[in-house]
1. Output the residue which, of all residues in region 251-281 that are of a type in the set (Lys, Arg) and not in a helix (DSSP H, G or I), is nearest to SER200 (Cα to Cα).
2. Going by the conditions given, is ARG248 out of contact with any Leu (no Cβ under 9 Å at 6 or more places or on another chain), open to solvent by less than 30 Å² (accessible area, probe 1.4 Å), in a helix (DSSP H, G or I) and within 20 Å of LEU374 (Cα to Cα)?
3. Being under 13 Å from the mean Cα position of the chain (by Cα) and not in a helix (DSSP H, G or I) narrows it down to one of ARG335, ARG352, so name that one.
4. Could you check, for region 176-188, whether at least one of its residues is surrounded by fewer than 19 Cβ atoms within 10 Å (Cβ to Cβ) and more than 29 Å from PRO79 (Cα to Cα)?
5. Just name the residue that is nearest to ILE169 (Cα to Cα) out of those in region 59-76 that are at pLDDT 85 or above, assigned to a loop (DSSP other than H, G, I, E, B) and open to solvent by 40 Å² or more (accessible area, probe 1.4 Å).
6. Any idea which of ASP122, ASP92 is part of a loop (DSSP other than H, G, I, E, B) and exposed (fewer than 15 other Cβ atoms within 10 Å of the Cβ)?
7. Given the conditions (1) at pLDDT 95 or above; (2) of a type in the set (A, V, I, L, M, F, W, C); (3) open to solvent by 30 Å² or more (accessible area, probe 1.4 Å), report the number of the one that LEU316 does not fulfil.
8. Looking for something modelled with pLDDT under 90 and at negative phi - is there at least one such residue anywhere in region 255-263?
Amino acid sequence: MCPSLSKAVILTAAIAATSYNPFIQPTTVDAFGVAPTLSRRCGHTLLHSEKSVTSVSATINIMDSITLNDKIELRNPAPDEREKGGVEVAADGSGIKALEVLARIPRNLILASTDMSPRIIDAVSAARNITWATELTAVTLAALHPTEEEAASSSNDDADVMQIKQAWIQSWKAGGWGSADDLGPDIAGDVVGTLLTTGSDNDHNVYAKFRMPCHPALMKASFGLEFLTNCTEEEARAALTTRGFTYRSMRDALEGLVLESTERKSKGTKRDKRCWDVGDALDRVMARATTLQLDADETTTSHVIVPVYEYLAHSLNANSKLVSIDNEVLLVATRDIEAGESITRDYTLAPRIVGVNDESSAEADELAALQLLLQFGLPPSAWPTAKDESS
């Protein structure tokens, strides 16, 4: 029998992992292509993907279809920003006034939980637990893996939109906390696929005989999160367990949407790799999602991923919001924004999976830190408190 692992030993490993730079972006190429880089076109700094692992043209750029305010500049986010930042008001300009439109995004370019084709509906309906994350992950996978029939039946305009969205999704690299680089070699050695896809719904019974409450990788990671965010180990473990359950509840239903799986270093069957791609998609979807009322005549709120908005910097005193009008989604300034200031959104208001931060005894700041790190991958520098950002 394997003896139980002491908290001191695991915490030492977790601290060692933090010295391994837990906030650096993953370096392995996966189904979502490579990290975006910057180019200049038409007077704006635009994002484009240098290459991808599929046949989608590397020159396709979603920003070519989005109208940016002339006062807005884009830059490459720093590695520790995890693709959350780089949208700023020009430092040499006059700033932005409240209610000024920052960007106009065509409605057909966003990913929305309400935009489900029959193929997506069939997949989602087979999930064990249907949530906003299930629906939006399915929409994302279907956009990333269109069938030949879908491509053949599309008009020229629809085919262009299909390729633009596919290239955009491929450019996503960063997700929530839990990559191999985040975990360090000690914890990553216990991971099969990714941390999100590691474990089972029966782990409590499987590992009870070893006096462990869950899979050893999750237990070590929970001590790491406790150290990083000052939440309790139980709260961190509950958040990791909830995330894993959310994945497993959709895994079998959505893996059929993956038409071409990603080649990985981890050994596994073709089905394993399709399932890991579902996990990658869920991870990136949760890190980018927001809510939006798309139709003014309806009270239903959709869960969406909106270009530009999905990689804004975090602030509790956010200076922008989304507004849906006709066939456009507008990014609008909610207050005056000074020259050189970042355009921001509040990620603590983003949708989250049930279980994370619920019914907890931790302080609000500690809960916010856990959510911002685990769901969005945001490092400590992006964990402001209300006291820090009083307006």
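1. Restricting attention to region 251-281, the residues satisfying the condition of being of a type in the set (Lys, Arg) are 251, 264-265, 267, 270-271, 273-274.
Pick out the ones that are also not in a helix (DSSP H, G or I) and you get 264-265, 267.
Values: ARG264: 21, LYS265: 21, LYS267: 18 Å.
Step by step, filter region 251-281, then rank; the result is LYS267.
2. yes
3. Unique residue meeting the criteria: ARG352.
4. Checking region 176-188: not a single residue is surrounded by fewer than 19 Cβ atoms within 10 Å (Cβ to Cβ) and more than 29 Å from PRO79 (Cα to Cα).
5. Step one: filter region 59-76 for residues at pLDDT 85 or above, giving 61-76.
From what is left, the residues that are assigned to a loop (DSSP other than H, G, I, E, B) are 61, 66, 69-71, 75-76.
Of the ones still in play, those that are also open to solvent by 40 Å² or more (accessible area, probe 1.4 Å) are 70-71, 75-76.
Working: ASP70: 25, LYS71: 26, ARG75: 19, ASN76: 17 Å.
Going through the qualifying residues, I end up with ASN76.
6. Every option except ASP92 fails the conditions.
7. Failed condition: (1).
8. yes
The values are calculated or read from the model by the stated rules, or taken from the named source; none is laboratory data. Everything numeric here is computed off the predicted structure, so don't read it as measured data. Methodologically, a virtual Cβ is constructed for each residue, glycine included, from the backbone with ideal geometry; neighbour enumeration extends over all protein chains shown. We work out accessible area using only protein heavy atoms, side chains counted, and drop any ligands, DNA or RNA first. Shrake-Rupley method; radii C 1.70, N 1.55, O 1.52, S 1.80 Å.
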